[in-house]
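The next block holds one structure in the form of structure tokens; read it before the comments.
Laboratory data are not the source of any read-out in this text; all were calculated from the coordinates shown. Just so it is clear, the model here is predicted, and its values are computed rather than measured. Heads up, the Cβs are rebuilt from the backbone with ideal geometry, glycines too, and the neighbour counts pull from every protein chain shown.
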Amino acid sequence: MSVPLALVALAGPPGAGAGGTIRAALAAPEPGDSMEVSGYKQVLALFEKLHYTPAAWQAGIRAVPRVYITDVTGRWKDTTVNQITVVQKKQIFFRALAPLVLRSNELILEDRKRLATLRQEGQGAWSPEDTRWLADLADEYGVGVSAGKPVSSDVLDELWHRVDIIPASLALSQAAEESGWGTSRFTAQGNALFGQWTWGKAGMKPEEQRAHLGSYGLAAFETPLMSVMAYMLNLNSHAAYAELRGLRAAARAHGKPPRGRDLAAGLSKYSERREAYVTSLRALMSKNQLDSTDDAYLSPGRAIYLVLPGTIKK
């Protein structure tokens, strides 16, 4: 896990305090069905049934089923990774996380679509509910709006700059890097996939606390999806990642979709390793052929929530 130079301020109970989109997702999760699974073999069997396999990917199929893991437990790091090969570990890790990354981006694009409509219509056409929604969105993304003041064109432009996707290749490579392929203590304890820091009693304390940094810890999340969403909000709002957002906006301006390999250049402040961190992310993308995941999309249909008996919350 890298030590971040730009620390995200999260507070409150797991899954809370990380933005309105996350609270909305908790309040109204995607409709679906729970499926109890006893272990990785049953998960792989489900993936096979849904044609979510390495062979299908190599054949050019980029549809990803809406299969969501609902917790990462110590069982993965303590037992499962010792029963499978390194190749299998990587395949399971990426295939388990990809639907979460794509779902988070899907929710961001829903907000972006509504934002685009409101920008085009102009303030005169907004309903009171539209105005409240914009103010909440601005607050969520760290764009200042004075109380009682209308949302200005500058605020709309800055929101347009921030409310956008994080390419799957970048999210997957960072999750692997920051969580040790899901085997870190913080991942098992609190679904912490991206090493985001928080302050106060809610944080998971590292074994070697740095006193000069205050009462900090690793942010815990109710589900892995909440962790992914908080990570994306962090990149989309923190001043440390303005370069990443600029690179993404430049790609959009040229009519190109954002690519993870390109946006990685804007993450030198995510870790004290600086440029070496960016290099390691790109190497991870190359070695694991992640660039093509930027073209992946969620297939239609009801969601399936994978539940481990006695360990994962339904």
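Numbers below:
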item: Extension gain from D136 to A59, taking 0.36 nm per residue of separation minus the Cα-Cα distance; result: 23.5 nm
item: In Hz, Karplus ³J(HN,Hα) per residue of segment 89-101 (6.51, -1.76, 1.60; θ = phi - 60°; x = Gly, Pro); result: 4, 5, 4, 5, 4, 5, 6, 6, 8, 4, x, 5, 4
item: Burial ordering of S38, S184, fewest other beta-carbon atoms within 10 Å first; result: S38, S184
item: Proxy reagent accessibility, fewest Cβ within 10 Å first, across L306, L134; result: L306, L134
item: Estimated FRET transfer efficiency (K90, A45; beta-carbon r; R0 30 Å; 0.05); result: 0.95
item: Packing-based exposure ordering (other Cβ within 10 Å, fewest first) of M229, M35; result: M35, M229
item: Pairwise label distance in nanometres, A283 with S152, each label 7 Å out on the Cα-Cβ vector; result: 4.6 nm
item: Nonlocal amide H pairs with V67, under 5 Å, H built at 1.01 Å; result: I304
